[in-house]
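Values quoted throughout were computed directly from the atomic coordinates according to the rules given, and no laboratory measurement underlies them. If you're wondering where the values come from, they're calculated on a predicted model, not measured in any experiment. For neighbour counting, all protein chains shown are included, and Cβ atoms are generated from backbone atoms with ideal geometry for every residue, glycine included.
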Amino acid sequence: MKQVRPKKNLGQHFLTDLSIARRIADTVDACPDLPVLEVGPGMGVMTQYLVEKPRPLKVVEIDRESVAYLNETLFRSSATENNPIIEGDFLRMDLNTVFDGQQFVLTGNYPYDISSQIFFKMLDNKELIPCCTGMIQREVALRIASEPGTKAYGILSVLIQAWYDVEYLFTVDENVFNPPPKVKSAVIRMTRNSVTDLGCNEQLFKRLVKAVFNQRRKMLRVSLRQLFPADKQPRPGFYEQDIMTRRPEQLTIAQFVELTNLVDGELRMEN
């Protein structure tokens, strides 16, 4: 069967280096015994190594041409009812149905343009996904793994590191893809940490982190004002606290939790 043509509208850059494909597939071994869900297998360059592992595997692919290719090659002998291919959009899937509510490892060579959305969905399903690995744009990987006080530290850094330990594993050059992307890629692994409760309102935490980083050059005493409705302004002195003179990239996750509780307290106060 002829090879799949990479489609620009799907952000497809097919990995061609088999040794790198095997290295990425092996990143799931840090979380043994769990089923694996691969996002965007394309022509199965990683999948061929994942199927060798003694654990259940499913792949989700939105491209019909790639689905046909996988059915003709890698999964040709699979019975229809046991076919591991899920044809559809990962971002629209109910992840509880993939392995009947069982936890799984998420992996893939993720499309650059939706990698952040994939990780936000991972966070929404963090109790189902104790481990996530894969390849993304290097810039995004650095952002996810960055520490407070750095330029790369931002929304993804805080929201993911609140729940996951992040490992930047290795960098991948442009010349091992068809077509070559204009940027370098990187492979990361995210493993659920021991946190079960942030100690604050989680929805407000997410709102606050996104709000202040969207105005990252401003001090918190300025960027936090958007969280308060016109008829619910904080008490005098709220913006005079020491933390309010800082900018978001200077705060640790623990300090973001503290700040969330400060804002939550003001929002709950009676006028």
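Tabulated results
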| item | result |
| --- | --- |
| Separation in nanometres of the label points that stand 7 Å from Cα toward Cβ, at Gln226 and Ala30 | 3.3 |
| Aspartates and glutamates with Cα under 14 Å of Lys151, excluding same-chain neighbours fewer than 8 positions away | Glu139, Glu249 |
| Contour minus Cα-Cα distance for Asn83 and Lys184 (0.36 nm per residue) | 33.0 nm |
| Free-standing Cys, the chain [no other Cys Cβ under 4.7 Å] | Cys132, Cys200 |
| Cβ-placed point charges (K, R +1; D, E -1), dipole of the chain about Cα centre in debye, nearest 20 | 980 |
| Semi-axes of the equivalent ellipsoid for the chain, Cα gyration tensor, largest first, Å | 40, 19, 16 |
| Computed lengthening from Thr73 to Met269, 0.36 nm per intervening residue step minus Cα-Cα distance | 64.3 nm |
| Share antiparallel - DSSP beta bridges, the chain, percent rounded to 5 | 55 |
| Options Val51, Gly199, Met135, ranked by Cα towards positive dipole end of the chain, top entry (Cβ charges) | Met135 |
| Relative packing of peptides 231-242, 173-184 - highest average C-beta neighbours within 10 Å first | 173-184, 231-242 |
| Proximal charge balance of Glu202 [Cβ under 14 Å; K/R count +1, D/E count -1] | 0 |
| Of the DSSP H helices in the chain, those whose Cα atoms cover at least 20 Å axially and whose Kyte score averages 0.0 or more | 253-268 |
| Efficiency of FRET between Gln233 and Gln255 - r from beta-carbon atoms, R0 30 angstrom, step 0.05 | 0.85 |
| Selection from Pro41, Thr16, Leu251 lying farthest towards where the dipole of the chain points positive, charges on Cβ | Leu251 |
| Cα-derived Rg to Rh of segment 183-271, Kirkwood definition | 1.04 |
| Extension gain (nm, one decimal) between Gln103 and Tyr168, 0.36 nm per residue minus Cα-Cα | 21.1 nm |
